[in-house]
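Here is the structure we will look at, set down as C-alpha cells.
The values are calculated or read from the model by the stated rules, or taken from the named source; none is laboratory data. Just so we're clear, the structure is a prediction, and the values are computed from it rather than from any experiment. Positions of Cβ are backbone-derived with ideal geometry, glycine not excepted, and every protein chain shown enters the neighbour counts. We work out accessible area using only protein heavy atoms, side chains counted, and drop any ligands, DNA or RNA first. Shrake-Rupley method; radii C 1.70, N 1.55, O 1.52, S 1.80 Å.
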Amino acid sequence: MYRAPRGTRDILPQDQPYWQFIRDQIRRLSTLYGYERLDTPLFEETSLFTRGIGASTDIVEKEMYTFQDKGGDSITLLPEATASVMRAYLEHGMYVLPQPVKLYSILPIFRYERPQAGRFRQHYQFNYEAIGVQDPALDAEVISLAWRFYKDLGLRGLNLQLNSIGDQNCRPIYIEALINYYQGKEGEICTDCRARLKRNPLRLLDCKNEGCQPIIEAAPKSLDLLCPECADHFAALGEQLNLLQIPYQLNHRLVRGLDYYTKTVFEVWAPGIGAQNAIGGGGRYDGLAKEIGGRDTPAIGFAIGLERVIMTMKAQGVQVPPWPRPQIFLAYHGSEAKEEGLRLVDRLREAGFRAIMSFGDRSLKAQMREADREGVEYTLILGEEERRREEITAREMTTGQEAQVEIGRLEEWLRERLEGGA
Ligand code: HAM
C-alpha cells in the first residue's frame, strides 16, 4: 500500500471548508488592500534561491528539493515565494507600473525538514509582497493586512513579534558586536552555535538550546546599534502601528531564517498549537532585487502558513461554513426511468439545483438509504408508473411526506421549496 510521502498530507473533503473559507478571505482582503494575484511556476533555477535566500541559511544548506532535469539544468522546487515574486517583478519590468506593486499568491512550498506537528515537507502559504517603495507606512500596512486576516478568521490570543535587523550600513557593525560578545564564550555554547558563530552569527539569537539562553538574553541588541536611517524607519513604524491600534511585542531575538531581510522583521505567533507556533513571518528586503541581478528595489512582504492557521482555528473552535451538500437525490426504478432520470437531473442542474442521482441499478430500498446518508432535502422517485403519468414522487426527507409533482413543472415546484434554482 502506498502512503503519501513523509511530511506531506492529503487535504481531504472534510477539511476543504476551512481551505475554502481561507481562500475567500484572502481574495476579499487582498482586494481591499489593492493586491493582485500572481502565480509563478512551482520551480525555479536553483541559483535564484542560493543567491536570494543566502547560501549559509538552513533552507539552502539542508532543505531544498533540488534536482537536475533531463536537460541538465539545476532546478529547485519553491522553498519560499519571495525570490520568485521578485524575479517575476524584474522579468516583467513591473517597475514601470505605479509603485508599490502589490502581489499575492497562494501556493505550495517545499522544504525537506524533519516532520513534526505543524511542520511539513509540503505546506501552503498565502504570500504577499509590496514592491518598489521604501516607506515605514507601507510596512505598517503590510502588518495590518496580516493582523486583519487573522482577526477576520476569528483567531484570538495572537502575538505580533517585531524587530529591526538594520541594513547594509549598520548590520555589519551589529554582527561584529555580536561576534565580539561571543568571543571567549565558545566553551559555554552548543556545537550548533559554535558553527553559527563562524557561518551565520545572526542565527545565534535563534538557538533553542537550554544552555545558550542566558548568553542570548544578555547579547547586544540590534535595535541599540541601528544607523539613524534604520532607527527613524523603525520609530515611524512603531508610531504607525500605534495609530492602527495593532499591538506588538519587541523581540530582539527575532532574526528570521532567510538572509535577504533588512530593517523590519516580524512574525505572528499563535497559542495552543505546540512548538511550531509561527503562523506567519516576513519583513523588509530592500537588497534582494540587486542580489539576484536586478535594479535596486525596496520591498516588504509576509507569508502565512495555512496549515498552522487551520490548526489554530480548530484549536480555538472557529466554525466555518460547511461545504454545500446536494439538495436532491433522484432514485429510479427500471431502465427507461433511469434514462429519463439522467435527463431530469441534468435539467435540475441547469436550473441551479444541487442534484445527484443513483447509479448501479440498486433496489429502491437501497437507493432510499443512500439518499438518507447523503442528507438531501428531497428525494425524487421515478418509476415506470409515474413516468406514464408524466409525474414524479417527491419525498421530503425530514418529514417523510410525499407529493406527486408534474414533471413539466418540477423546477417551479422545487423553487418554491428549496434555496437556489435560478
Ligand atoms: P517563513 O517564515 O520561512 O517565511 O515562512 C512563512 C510561514 O510559513 C511560517 O511562519 C509558517 O507559518 C509557514 N511554514 C514555514 N515552514 C513550514 C513548514 N515546514 N510546515 C508548515 N508551515 C511552514 C518565508 O517563507 C518568507 N518568504 C516570507 C516573506 C514574504 N518574507 C517577505 N515576504
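The table below gives the values:
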{"quantity": "Value of relative contact order over the stretch 34-178, rounded to a whole percent, pairs C-alpha under 8 Å and six or more apart", "calculated": "20"}
{"quantity": "Rounded if a/c under 1.5, otherwise prolate or oblate - the stretch 243-325, Cα gyration tensor axes", "calculated": "prolate"}
{"quantity": "Highest to lowest packing among 266-278, 387-399, scored as the average C-beta count within 10 Å", "calculated": "266-278, 387-399"}
{"quantity": "Greater than 27 Å apart at Cα, pairs in 102/151; 70/198; 185/290; 198/290", "calculated": "70/198; 185/290"}
{"quantity": "The chain - percent of accessible surface contributed by carbon and sulfur, probe 1.4 Å", "calculated": "49"}
{"quantity": "Extent along principal axes [Cα atoms of the chain; Å; largest to smallest]", "calculated": "94, 48, 47"}
{"quantity": "Choice from 332, 182, 150 showing the highest fluctuation, given a GNM over the chain with Cα pairs closer than 10 Å", "calculated": "332"}
{"quantity": "Angle between the chain longest axis and helix 335-350 axis [Cα atoms, degrees, rounded to 10]", "calculated": "50"}
{"quantity": "Nearby lysines by direct alpha-carbon distance to residue 365 (threshold 23 angstrom, same-chain neighbours under 8 apart not counted)", "calculated": "338"}
{"quantity": "Prolate/oblate/rounded label for the stretch 270-422 (Cα gyration tensor, a/c 1.5)", "calculated": "prolate"}
{"quantity": "The stretch 146-152 - phi-based ³J(HN,Hα) in whole Hz, Karplus 6.51/-1.76/1.60, Gly and Pro as x", "calculated": "4, 4, 5, 4, 5, 5, 5"}
{"quantity": "Relative contact order of the chain, defined on C-alpha pairs under 8 angstrom at six or more residues apart (%)", "calculated": "15"}
{"quantity": "C-alpha long axis of helix 171-182 to longest principal axis of the chain, angle in °", "calculated": "70"}
{"quantity": "Amide hydrogen neighbours beyond the local backbone of residue 227, cut-off 5 Å, H modeled", "calculated": "167, 170"}
{"quantity": "Ranked packing of 18-25, 6-13, most packed first, by mean Cβ within 10 Å", "calculated": "18-25, 6-13"}
{"quantity": "Residue 339-residue 417 pseudo-label distance in nm [points 7 Å out on the Cα-to-Cβ vector]", "calculated": "2.8"}
{"quantity": "Normalised contact order of the stretch 328-417, rounded percent, pairs of Cα under 8 Å and 6 or more residues apart", "calculated": "29"}
{"quantity": "Of the trypsin sites (Lys or Arg not before Pro) in the stretch 283-321, those whose Cβ has at most 16 other Cβ within 10 Å and which sit in DSSP loop", "calculated": "295"}
{"quantity": "Calculated from backbone phi, Karplus (6.51, -1.76, 1.60) coupling profile of the stretch 123-138 in Hz, x at Gly/Pro", "calculated": "9, 9, 10, 9, 10, 9, 9, 10, 10, x, 9, 10, 8, x, 5, 6"}
{"quantity": "For the stretch 273-312, accessible area per residue (1.4 Å probe, heavy atoms of protein chains only), Å²", "calculated": "28"}
{"quantity": "For the stretch 189-194, Karplus couplings with θ = phi - 60° (6.51, -1.76, 1.60), whole Hz, Gly/Pro x", "calculated": "9, 6, 5, 4, 5, 4"}
{"quantity": "Within the chain, helix-based [θ] at 222 nm, where runs of 4 or more DSSP H residues each add -39,500 (n - 2.57), nearest 500", "calculated": "-10500 deg cm²/dmol"}
{"quantity": "Label-point separation, residue 1 to residue 209 (7 Å along Cα→Cβ), nm", "calculated": "4.2"}
{"quantity": "Chain lengthening between residue 47 and residue 97 when straightened (0.36 nm per residue, less Cα-Cα)", "calculated": "15.3 nm"}
{"quantity": "Anisotropy class of the stretch 315-374 from Cα gyration tensor, a/c 1.5 cut", "calculated": "oblate"}
